[in-house]
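Working notes for the structure below.
The values are calculated or read from the model by the stated rules, or taken from the named source; none is laboratory data. Bear in mind that the values here come from a model prediction, so they are computed numbers and not experimental data. Note that we place each Cβ from the backbone using ideal geometry, even for glycine, and neighbour counts take in every protein chain shown.
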């Protein structure tokens, strides 16, 4: 299974010639960009801000990813696991929320090395709350040192 991390701007131009799914994350006031592909199997839409603790976001109360949304992500991935060759994780900038989702999926499906690659690549800064919430559901949060930002 291949995992691609991308941004809102890059998603519409993404060309994937194999069956794939898309997990799109956006802020509540931004919405989602259109994406069409004959090989797209399904798309999951989620609304939450890029925050890892309660607080303000753009002069309003921030919306954190919920445990229910984390369950939605895992259910979506498991539903398409045998049919999708690629998972596209997309958020506004393609840096934090989407990288966190991609890293968590990699941890479960590809192993430690692929997971850690998201933390050792300068273009990504995975959101700690998203990683922690997703890995807690899979019973894997204890395998990550959240005090070591390079390795969660």
Please go through segment 12-34 and pick out each residue that is in contact (Cβ under 8 Å) with a residue 40 or more places away in the chain, in a loop (DSSP other than H, G, I, E, B) and either under 18 Å from residue 80 (Cα atoms) or under 14 Å from the mean Cα position of the chain (by Cα) (or both). 16, 18, 19, 27
Against the conditions (1) under 22 Å from residue 19 (Cα atoms); (2) under 16 Å from the mean Cα position of the chain (by Cα), where does residue 85 fall short? Just the number, please. (2)
Quick one: how many residues across segment 48-60 are surrounded by 12 or more Cβ atoms within 10 Å (Cβ to Cβ) and either out of contact with any strand residue (DSSP E or B) (no Cβ under 6 Å at 6 or more places or on another chain) or assigned to a helix (DSSP H, G or I) (or both)? 4
Could you say whether any residue in segment 71-94 is farther than 16 Å from residue 45 by Cα, surrounded by 19 or more Cβ atoms within 10 Å (Cβ to Cβ), in contact with a helix residue (DSSP H, G or I) (Cβ under 7 Å, 6 or more places away or on another chain) and without any contact (Cβ under 8 Å) to a residue 60 or more places away in the chain? no
Quick one: which residue in 115, 124 is at pLDDT below 90 and either under 24 Å from residue 9 (Cβ atoms) or in a helix (DSSP H, G or I) (or both)? 115
